[in-house]
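Chemist: I have a structure I would like to understand better, so I am pasting it below and will then ask my questions one at a time.
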Amino acid sequence: ALLPSGCGCQRHVYPALRASPAVLPLLRAPPVRCGLFDNIFGATRPDEDEAGKFSRHLDLEPGGFPLGVLVAGLGDDALEAAAAAIEAVWSGAEGEPLKHVPIVALAEGDLGRGVTLRSLLAALGERDSVLPDKAARVTVPLVLLSGFSTVQTSLAVRRLRALGLVGGASGREPPMFAVAVPNSLDKSLRMLCEEIEGDHR
């Protein structure tokens, strides 16, 4: 269902999520980080009154990355289907959801200069399931996974591929898949899209 929001966007309510295989060579599972205050946002040790802003490493997903998915180049119906496929990866044996997976539909402005993967992952919670007024325009659709284990990544990509999703500039391109890794955090989204698309071709 699509519900109007006060900011001019529409909030996209995804019913559930499931996913599918083959992640590009560029994208490999990130190494596990062990520090209590390790996090991808480069935060320094806070003052005593800000200590509550930190998360224990055990509360983070594999590799210390926040759980979520960034998507560009897919239409509304394809987003609904992808959301259901991804949620299924995080469901129990009886189909009950084990975790909510934030999904961010990327906006045109996210492809601007200075917008890094780090900043987008930091905004997963506030942008979850919100459809932008102007969607990011990409040649090939992008699905970027964060906080998934190797097994969950493989399952998610396999399920998403099985849906036969298409989009992008021509409306006929299948999506390319990527996984957030440490050396990509400070790259702009535009640069990442170009690099991933180059490997995808």
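Chemist: Scan 66, 132 and give me the residue that is more than 26 Å from residue 183 (Cα to Cα) and surrounded by fewer than 22 Cβ atoms within 10 Å (Cβ to Cβ).
Modeler: The conditions single out 132.
Chemist: One residue is enough: does the range 87-95 have a residue meeting the conditions buried (at least 19 other Cβ atoms within 10 Å of the Cβ) and under 26 Å from residue 182 (Cβ atoms)?
Modeler: Within the range 87-95, one or more residues are buried (at least 19 other Cβ atoms within 10 Å of the Cβ) and under 26 Å from residue 182 (Cβ atoms).
Chemist: Which ones in the range 96-120 are part of a helix (DSSP H, G or I) and either in contact (Cβ under 8 Å) with a residue 40 or more places away in the chain or open to solvent by less than 30 Å² (accessible area, probe 1.4 Å) (or both)?
Modeler: Matches in the range 96-120: 110, 111, 117, 118, 120.
The values are calculated or read from the model by the stated rules, or taken from the named source; none is laboratory data. Keep in mind the model is a prediction, meaning the values are calculated, not measured. Because the Cβ atoms are built from the backbone with ideal geometry, glycine has one as well, and the counts that use them run over all protein chains shown. Surface areas here come from the heavy atoms of the whole protein model, side chains and all, with no ligands, DNA or RNA. Shrake-Rupley method; radii C 1.70, N 1.55, O 1.52, S 1.80 Å.
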